[in-house]
Amino acid sequence: MSSHALPATGDPAVYIIHDNPEWIAPFTEALDRLGVAHVEWLLPETLIDLSAEPPAGVFWSRLSASAHTRTDPHVKEYGRAVLDWLAAAGRRVINGRGVYELEVSKIRQHRELSGHGFDAPRTAAAFGPQALVEAAAGFTPPFITKHNQGGKGLGVRRFDSHAELEAVAAEFAPGGANAPIDGITLIQEYVQPAQPFVTRAEFIGGRFHYAVRVDVSGGSFELCPPDACTIPGAGAAADVEATPQFALREEITAATPLIGRLESLLADLGIEIAGIEFIETADGRQVVYDINTNTNYNPSVESAEQSSGRQSAADRIAEYVSDTLAEAAPKSAFPAGSAAR
């Protein structure tokens, strides 16, 4: 058998489908602590036998919108093919094919947020640099750009005038320095927070886990928990080091009205694990602007959770995935440890 064939165990296991090994260790370590067998399916450089049945177990999609920045520009298509294969075989997939389409399209996210009655930023989608300039003409500066297929803050940039965008519009064309992978760039209203932070609410098994306060006083806007994503062109505050970038928002709980509405959204969309970002404005708006179904967790926040005696997100996910495996697979003995690719 080719070394590129997707690995499998002889017994039901958790299969983690992903495109970035650097993001996986906290979860495999948590699964190891529970003694749950797990296998990594790393894309690309894999093959699937379409005449064969997928192995028994539960499949967890950790495929990301920013995959093309690390490996092959077509890695999203590989992921779609694997998820379609699993769906055709009736396998249980956590954050499956439909969820992945939300992960890789901010247009779809905006449509779902608006359609479910959330206050989402005013947004226009442009196909090409001249269309981008034309779309921006309808927005009062400041406004921001972002890639439709984002992640890691791709394409997120603040503009304080129309002339500033016009001067760099060519960068958004195919082959340009800021070209989106799918050719689609969004123009979006700049939402000013009442205080210099945005919030990311984390959900596991469709239920609220915790909320994270993300300091944006230094110009960051898009939330990447492992490391900050900064908007080029935004000025850094002189005392940015005085405030932790990430901290728990203890006052936000499962009883917070917005959290209940977000849980209902996730249930409607079939999303099981996610981080949803929102901004609270001085005039009372709660603007929900991003759904992340490939969520990562900040180490300092996770450490604070554990030191307070609460379960970390990685451990809670391992527990949820383990429970899902027990429900989906035959009640045979589950081997401990992992089978790494």
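The values are calculated or read from the model by the stated rules, or taken from the named source; none is laboratory data. Treat the numbers as computed from the prediction; the structure is a model and nothing was measured. So basically every Cβ, Gly included, is an ideal-geometry build from the backbone, and we count neighbours across all protein chains shown. Side chains are part of the model used for accessible areas, which takes the heavy atoms of the whole protein and leaves out ligands, DNA and RNA. Shrake-Rupley method; radii C 1.70, N 1.55, O 1.52, S 1.80 Å.
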- Being surrounded by fewer than 14 Cβ atoms within 10 Å (Cβ to Cβ) and modelled with pLDDT of 90 or more, is that true of even one residue in the range 53-68? yes
- Message: Is it the case, given these coordinates, that Glu22 is under 23 Å from Tyr297 (Cβ atoms), charged (D, E, K, R) and surrounded by fewer than 21 Cβ atoms within 10 Å (Cβ to Cβ)?
- Response: yes
- Query: Within the range 187-207, can you find the residues that are among the basic types (Lys, Arg) and either in contact (Cβ under 8 Å) with a residue 60 or more places away in the chain or open to solvent by less than 10 Å² (accessible area, probe 1.4 Å) (or both)?
  - Reply: Arg200
- Message: Which count do you get for residues in the range 210-225 that are at pLDDT 50 or above, out of contact with any helix residue (DSSP H, G or I) (no Cβ under 6 Å at 6 or more places or on another chain) and either within 30 Å of Ser322 (Cα to Cα) or among the β-branched types (Val, Ile, Thr) (or both)?
- Response: 7
- Task: Quick one: which helices (runs of 4 or more DSSP H) lie wholly within the range 68-186 and hold at least 1 residues that are in contact with an Asp or Glu (Cβ under 8 Å, 6 or more places away or on another chain) and without any contact (Cβ under 8 Å) to a residue 60 or more places away in the chain?
- Result: 75-88, 97-103, 106-115, 129-136
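Okay, residues lined up against (1) loosely packed, with under 15 Cβ neighbours inside 10 Å; (2) under 19 Å from the mean Cα position of the chain (by Cα):
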position	(1), (2)
His110	no, yes
Gly115	yes, no
Ala120	no, yes
Ala125	no, no
Leu132	no, no
Thr140	yes, no
Val156	no, yes
Phe159	no, no
- Query: Does Tyr210 qualify as being closer than 30 Å to Ala304 by Cβ and surrounded by 21 or more Cβ atoms within 10 Å (Cβ to Cβ)?
  - Reply: yes
- Of all residues in the range 302-324 being hydroxyl-bearing (Ser, Thr, Tyr) and not in a helix (DSSP H, G or I), which is modelled with the highest pLDDT? Ser312
- Before we move on, is Ala238 out of contact with any Asp or Glu (no Cβ under 7 Å at 6 or more places or on another chain) and either part of a strand (DSSP E or B) or at pLDDT 55 or above (or both)? no
